[in-house]
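Structure record follows, encoded as structure tokens.
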Amino acid sequence: MNPIDLIGVWVGVFITLMVLSFLYKENPFFRLTEYAFIGLAAGYALAASLRLFVNQALNPIFVDGNLTFIVPVILGSLFYAQFTKKYSSLYRLPLSLAIGYGLGVTIWSVFATFFVKQVTATMIPLFTGNVLTTLDNVVLVAGTILSLSYFILHREQKGVWGGFTKIGKYFILATLGAVFGSTVLGRMAIIIQRVQFLLGNASFPWRALGMGTATEGAYAPIAVVAFLVIFGYYLYREKNKQPNSGTTSKVTKA
Amino acid sequence: MLELIPGRIAQAILLVIVLVAIYEVARFASKRKLKTRGIPGLERIDEWIKEAAKLNRSVFFTPGTGGITTPDTLAALALLGYVAKHCVEHNARLLVGNSDPQVQQITEDMVKSAYAKAGREKEYTPDMVRYISTRQFAYAAGIMGILRREKPAVNFFVGDFQAEALQIAETGRGVAIYQFGGTTNTDQLPFFMTTCDQTLIGEELYTAQGYLTSDPEAISRLIGPDAGKILAILLILAGALLITFGNSILIALMEL
Amino acid sequence: MSSDKKKMNRGDLGLQVIIFSLGFFYAIVHYIAVPGIVDLQAVSDQLLAYLTAMLTAAFAIGVINLTRVHVINIKRKRATWRYSIILLVCLFAMAIFSMIASPYALDPQAVVIPASVIAFSTPIWEFLFYKILVNINSSIFSLLAFFIASAAYRAFKARSLESTILLAAGLLVVLGQAPVADLVWPGFGAIRDWILAFPNTAGQRGILIGAALGILVFSVRRLFRYPWGD
Amino acid sequence: MAISSLKSDPRLVYLILLLVITVPILSNAVIAVPITPTTRALYDFIQNLPPNSLVVESFDYATSVVPELHPQAIVVTQHIFMRPLKVLFVALDNNGPPLTDAVLDAINKGNKTYGVDYATLGYIPNTATLIGMPSNIAQFLPRDTRGNPTASLPIIKEFPAAKDAAFVITFDDDSSALFSYLQYWQGSFNISVAVGATATIAPGFMPFYNSGQLVGVLISIRGAAEYESLLNQQYNCCLGISGASSAMVALSASHMLIIAMVVFGNAAYFISRRTSKREK
């Protein structure tokens, strides 16, 4: 039993419930976690990108003695000119370098990966002797062509052409349906792991998430009860502060 | 001396063909002042704003979390210009919620100039255009708070959206009478489609931008890529038909 | 918002030449080689090394913007100014401990920073990351499960033929995804796999090719014209 | 349970969802998971990699989607460590490196030693670094996360350039990392690519699996549970190391709830619409 991990589990439970309390109603507990998160994430990102600056810019200069890297460091420091009044336009120089190289690599890679490879992969036989794979291939070829036709913007979608684009839209709707169905899997996975955590269930990957081990985890429910008591007291105090109006923001459709 | 890297020759040639085709179609479109195809629902926006004014309820607009260089955000701002103009005309109260500081500045100027063009600058109040947060869920919580408090008649959420779109869509559906959405982000489009009265799917968002701005150059930029799409359709058809009869010459060519 | 065509002054032209030349080089280097004269790939890699050094130099831009916004909040005593204090405290605490004891430690082998300080900071950083940051972020995202459940009941209506198709495909995928469905009838899982593999692939490919052309045109246009935002 | 109260106040739905998930978890029930073709394709690919091949694992997800992708990272990493393979760990998301350390701390690393069989090279901040790595790893990632110079590591001496890698798997939560690997690593060097994807973006990757650009796709926590059961069938180990398998009953229950909600929601919607039509 490691005391730091035990406290960590309880703090983790409190944080989880402070966030989930938003479901009951917006409250200071939720806002506290939000602001703390923005700060922690920004501070962490600063350290990560500073380390990279040391690795990729200072390391070549001071460790490898390659002084040519001084030029990119100076150019990079011009990014900070945007905070000055007089020299603010100087930051456009390093930005243009970044935009230039970005455009170059985007052009060939987007064209190869998302146009050429996708077109070539759709050149498949429309009749394969086997009924099932024939159906699959026809759906794939026709579906790709028709959904592409839906995004042709210069022709009104009327008449025969309108018929094609309408079927194309149905393929896109089936795609969006698949995305919707798949999203349900993703969202449920997240809440299931949170509930595994709150219940202190042994199946939660405690060690692989740096939360100690299942032995400390088993004490999570204690913190759940503690939080519910505190939150209940907070709601009780809130109710007394405004005796007249209902405290919960009723969501009613007009 | 100069040689083409094997395995990428077809890509190079095809890239040139596609770019030339797009350039020619774009030039033809701007010369002939073609219009992009109409988008169902754009004309209904006018009626919705009129109804909002009648019910003395506000119209809410949020362009998502994208920055000024994100294509979706630019298309959303074009739509905001259109909505702001009509809100001023029917004197419906417009509210805008932003996530990106630079977009906040631009939307402030746009709403101010909408009032200025109608000669009613003093009616513009700073709280009409609000900066919330660059942070995804702080932004979503902020928008939901505004929707619940202000109870707008019409809720526009168009532009660059991620997972927070569902929260806005669901809260908006519970509060607003009409909801208008649009994004190119396929992952979020299902939540737009099932909760909005009208949704701009993917590139339709840019079509709306082309439809609203009468500038022929902008429209030709939208119609140009049609050449690439038609080329893709023809290549797929040709390749599929050829391989159906056992001839894979086109596939071999593409992988040259 | 058709921006007025402002004439490119000398500065803009210079930047546009930089954008064009670097962009054109990085587009061409993929397709052509000039054996014997110069190894273009090596030139491109060396240039990349300089570019990465330049890009990483902008490491503090985000934090400066964020700090300025919240310091103004505090000075002007805006409604949420107390939360801004908490944000800034968290920001600098996490930054300092991450620089001492995280995978991004500036001096992991205790050359400058005394080993005792690193040993003291490591558990604190691990607490801040694994026990606080991970839990807040996972919990915020878990809210979405509740929203999708309530939206499933209150908002996802088959108002039109279009939303009916979407919901039908969606529910078939949801059904096929649930492991228990396969015990009832393995066909559910097969239907889900089929929808994902064929109609979905066709629709995604149509969207992908359209989007790729949009990005391609946007990129090529930007090579030739400086003013962005148009 | 008045249907109308459900309509006006979503919190009842939240409570039902919580119950529908809590009960199966408390029951610790486990259920067999059918194997999706894209999961088996990845498993077979890794199982058949020739000995001493170099694998690159890229942790490109933020802590927000840990429940979806972390179990995948655990089971795939465990499988790779059970085979005679060499592994480099990188990350396109700054949350990656600590999550990598936590996975390495939890799995059974056998007799593999750091620096020889595997190394953690840390965060890749921009595509420029990613594009440079296939030519020279040490030049673009000069230090590993433990502060050692990358060039001094035996694994880098053996594989100085990432283009020698047999395959890269990215655990990705927003498709930008996967597209970068497809565009730059596969586009230029034909390195095989696989993805562990969150469920929302997984359908978007099917065209790349169909075209052969992807050798496998793991879909969220269910992909992890399938992979875990395949691993268990082969090596008779590792059941429960990722927590994914024990979530499958709760997953089924929550999915059935969503279906019921949509069906009931639409039923209530049509009934109210028909009654209002009759009243007009």
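A Gaussian network model of chain B, with springs between Cα atoms under 10 Å, assigns the largest mean-square fluctuation among B:T244, B:T183, B:T134 to B:T244.
For chain D, find the longest principal axis of its Cα atoms and tell me its angle to the long axis of helix D:220-235, 0 to 90°, nearest 10. Approximately 60 degrees, to the nearest ten. A Gaussian network model of chain D, with springs between Cα atoms under 10 Å, assigns the largest mean-square fluctuation among D:I219, D:I21, D:I131 to D:I21. Here the dipole of chain A is about 900 debye; that uses its Cα centre as origin and unit charges on the Cβ of Lys and Arg (positive) and Asp and Glu (negative). Rounded to the nearest 10 degrees, the angle from helix B:101-117 to the longest Cα principal axis of chain B is 70 degrees.
In terms of surrounding Cβ atoms within a 10 Å radius of their Cβ, C:C90, D:C237 rank from fewest to most as D:C237, C:C90. Helix screen, chain A: DSSP H segments with Cα axial length of 15 Å or more and mean Kyte-Doolittle hydropathy at least 0.0 are A:3-20, A:28-53, A:92-110, A:131-150, A:159-198, A:220-241.
Taking other Cβ atoms within 10 Å as a rough exposure proxy, B:M110, C:M94 sort from fewest to most as B:M110, C:M94. When chain B is treated as a GNM with alpha-carbon contacts under 10 Å, the residue of B:R130, B:R149, B:R27 showing the greatest mean-square fluctuation is B:R149. Residue exposure proxy: A:K117, D:K112, ordered by other Cβ atoms within 10 angstrom of their Cβ from fewest to most, comes out as D:K112, A:K117. Oblate is the label for region C:63-155. Its Cα gyration tensor axes, ordered a ≥ b ≥ c, give a/c of at least 1.5 and b/c at or above a/b. Seen through its C-alpha gyration tensor, with square-root eigenvalues sorted a ≥ b ≥ c, region D:37-243 comes out rounded because a/c lies under 1.5. Normalised by the number of residues in chain B, the average gap of Cα pairs under 8 Å and 6 or more apart makes the relative contact order 27 percent.
According to the square roots a ≥ b ≥ c of the eigenvalues of the Cα gyration tensor, what is the shape class of chain B, taking rounded for a/c under 1.5, prolate for a/b larger than b/c otherwise, and oblate for the remainder? Verdict is prolate for chain B. For the protein assembly as shown, give me every cysteine whose Cβ has no other Cys Cβ within less than 4.7 Å, ordered by residue number. Cysteines lacking a close Cβ partner in the protein assembly as shown: B:C87, B:C196, C:C90. For the protein assembly as shown, the convex hull drawn through the C-alpha positions has a volume of 190 cubic angstrom per residue. Think of it as helices only: each DSSP H run of n ≥ 4 in chain D is worth -39500 (n - 2.57), and spread over all residues that comes to -15000 deg cm²/dmol at 222 nm. For the protein assembly as shown, the share of DSSP beta bridges that are antiparallel, to the nearest 5, is 10%.
Only DSSP H runs of four or more residues enter the estimate; each adds -39500 (n - 2.57), and after division by the residues of chain C the mean residue ellipticity at 222 nm equals -24000 deg cm²/dmol. Compute the angle between helix B:164-175 and the longest alpha-carbon principal axis of chain B, please, reported from 0 to 90 degrees and rounded to the nearest 10. That helix lies at roughly 40 degrees to the long axis.
Where a number appears in this text, it was derived from the coordinates with a stated rule and is not lab data. The model shown is predicted, which means the values in this text are computed figures rather than measured ones. Glycine gets a Cβ as well: all are built from the backbone with ideal geometry, and neighbour counts include every protein chain shown.
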